[in-house]
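Every read-out reported here was derived from the displayed coordinates using simple, explicitly stated rules and does not represent laboratory data. None of the values given here were measured: they were computed from a predicted structure. Using ideal geometry, Cβ is built from the backbone for each residue, glycine included, and neighbour counts are taken over all protein chains shown.
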Amino acid sequence: MIYTGELMNIGIVGAGIAGLAAAYRLVNAGHKVTIFEKDEKPGGLARSFDFAGNKLDIFYRHIFKSDTDIIKLINELNLTKELIWKQVKMGFYYKGKTYNFTTPVDLLLFSPLPFFDRIKLGLISLFLKDVKDWKKFEKITAKEWIIKNFGKNIYEVVWGPLLEQKFAEKADKIAMTWLYGRISARFKSREAGGVKEVLGYLNGSFQKLINVLADNIIKKGGQILTRISVNKVIIEDSKAKGVFAADKKYDFDAVLLTCAPAIIKEIVDIKSAGIEKSINSIDYHGSVALAFRTKKSLGNIYWLNVADKESPFVAVVEHTNFISKENYNGDVVIYLGKYLSTQDELYKSTNEEIKNRFFNYLKKINPLFDEKDVLEYFIFKEPFTQPIIPVNFSEIKMDYKCNIQGLYFANMSMIYPEDRGMSYSVKIGNEVAEIINNDYKK
């Protein structure tokens with residue numbers, strides 16, 4: 001990024017991937033940057049914690065071959081040698097049985113569907129991977145599109161249960177653009193004509209990327225203030241002039257908010273900013289993840305989708321079927337995860353209650369699991385992890401800019417039509433930094 005204009009003093013709220021990526025670009029353009037982060041360290045939803053002598057992401061993570069923005073950043077930061085690409089196996093749990101769900105042959109052997117429906121199930125990915133005009137999916141729900149084009153069986157057996165597990169009562173309202181984004185990204189990461197599922201991971205967790213980004217920002221004169229929440233964005237004469245944080249005023253020439261819309265509403269006059277419709281319309285689900293270390297593997301599947309309404313989790317992710325267990329003292333590492341409303345009973349449950357529900361159901365679907373083998377477990381909750389994407393979402397999507405001069409936004413809901421992901425966070429961080437630069441060029 002080449003910048004020849006006036007150097008700015010910029011405040012960024014949120015040290016997640018988007019905030020760090022934007023800060024990295026801005027300090028390299030010569031600007032002064034201060035990041036405010038409410039947690040004790042940078043990373044946001046991508047942060048890690050100490051685990052079995054290593055670092056482990058609080059939520060299960062991987063990247064796809066199609067995630068070009070984060071791959072370019074990894075290369076730029078000289079972390080290329082740390083990026084691991086591996087072939088993995090996927091599974092699908094349905095009515096008491098686990099099915100392999102990776103290759104075309106696996107789909108042909110998926111007995112819950114009649115044979116011709118199995119063929120149609122595979123054709124969905126082949127069709128969507130070549131679609132360029134995603135806007136045609138905006139006005140129809142995923143449910144309507146699948147049933148109309150591929151039949152009711154496929155929706156009721158595969159996509160319906162998964163959508164219900166992810167979006168609960170909102171499942172029927174999810175736009176086809178969301179499903180398009182998910183399937184398209186996954187298929188682009190496949191090799192050997194779609195037969196091999198190949199995913200990427202940073203050796204030592206994605207905290208390594210976060211740490212290197214943070215170090216680069218600080219070396220260029222930027223600041224990252226942790227354990228500090230921003231209470232208000234200061235607006236004077238329709239211009240962003242700074243923020244109040246921890247009972248202190250910080251003056252800035254521009255302010256970038258990377259937090260969720262619900263938080264923006266608490267610190268910005270959204271009516272004056274002209275973003276009232278977007279902020280009041282965009283909804284999120286939160287997440288609950290349980291990561292545990294155990295003595296025994298559950299099998300050879302990395303990612304198991306659980307298509308059962310009674311299940312308290314939507315996925316079983318055996319991390320050490322992707323990354324060697326030698327990185328974790330030779331133990332098996334498994335995640336159980338669920339997207340849900342923060343008003344859901346499960347989200348409000350204690351860690352002990354969540355653990356009991358998760359482990360009891362895991363035993364039901366996999367007899368190899370025995371809680372006695374569990375060495376330790378950790379539970380993480382975050383309230384804003386999955387934007388809800390209804391039809392015509394582009395009509396309420398936020399822009400990088402608003403009516404208030406010098407106030408900018410970059411949050412997960414803005415990566416539409418793509419679905420949530422670290423690479424898209426890098427992308428919007430890069431893009432908003434470029435916009436800020438362009439706005440202040442002489």
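What does the extension gain come out to for T342 and S111, with contour length at 0.36 nm per residue minus their alpha carbon separation?
Gain on stretching T342 to S111: 79.6 nm.
Full-extension gain between E371 and E352, please, as 0.36 nm times their residue separation minus the C-alpha to C-alpha distance.
Full extension from E371 to E352 adds 5.5 nm.
Hey, what angle do you get for helix 176-188 against the long axis of the chain, alpha-carbon based, 0 to 90 degrees rounded to 10?
80
Determine ³J(HN,Hα), in whole Hz, for all residues of the stretch 25-33 in sequence, where each value follows from phi through the Karplus function 6.51 cos²θ - 1.76 cosθ + 1.60 and θ = phi - 60°; x replaces Gly and Pro.
Per-residue couplings from phi come out as 5, 6, 5, 6, 8, x, 6, 8, 10 Hz.
Run the quick spin-label model on N300 and K363: label points 7 Å from Cα toward the beta carbon, then report their separation in nm to one decimal.
About 2.8 nm, to one decimal.
Suppose every Lys and Arg Cβ carries +1 and every Asp and Glu Cβ carries -1, with no other charges. What dipole size does the chain come out with about its Cα centre, to the nearest 20 debye?
Taking the Cα centre of the chain as origin, the dipole is about 700 debye.
Calculate the spin-label point distance for E40 paired with K152, positioning each point 7 Å from the Cα along the beta-carbon direction, and give it in nanometres.
Distance between label points: 5.4 nm.
With everything on Cα atoms, drop me the angle between helix 422-439 and the longest principal axis of the chain, reported from 0 to 90° to the nearest 10.
It works out to around 20 degrees.
Once every DSSP H run of n ≥ 4 in the chain is given -39500 (n - 2.57) and the sum is divided by its residues, what mean residue ellipticity at 222 nm do you get, rounded to the nearest 500 deg cm²/dmol?
After summing the helix terms and dividing by residue count, I get -9000 deg cm²/dmol.
Once phi is turned into ³J(HN,Hα) by the Karplus curve 6.51 cos²θ - 1.76 cosθ + 1.60 with θ = phi - 60°, what whole-Hz value does each residue of the stretch 348-356 show in order, with x for glycine and proline?
So the J values, rounded to whole Hz, are 7, 6, 6, 4, 5, 5, 5, 4, 5.
Taking only the alpha-carbon positions of the stretch 284-387 and ignoring solvent, what does the Debye formula give for the base-10 log of I(q)/I(0) at q = 0.21 Å⁻¹?
-1.13
Please check which bits of the stretch 377-412 a label hung off S229 would reach, taking the label as a point 7 Å along Cα-to-C-beta and the cut-off as backbone N under 18 Å.
381-385
When the Cα atoms of the chain are enclosed in a convex hull and the volume is divided per residue, what value in Å³ results?
142
With the alpha-carbon atoms as the only input, what is the per residue convex hull volume for the stretch 347-437 in Å³?
Enclosed volume per residue, from the Cα hull, is 180 Å³.
Calculate, for I218 and E144, the FRET efficiency according to 1/(1 + (r/R0)^6) with r their C-beta to C-beta distance and R0 56 Å; round to the nearest 0.05.
0.65
Could you give the length gained on full extension between D251 and N329, defined as 0.36 nm per residue of separation minus the Cα-Cα distance, in nm?
Working it through step by step, the gained length comes to 23.3 nm.
Taking +1 at the Cβ of each Lys and Arg and -1 at the Cβ of each Asp and Glu, which of V33, Y250, V131 sits farthest along the dipole of the chain towards its positive end, judged by Cα position relative to the Cα centre?
Most positive-ward Cα: V131.
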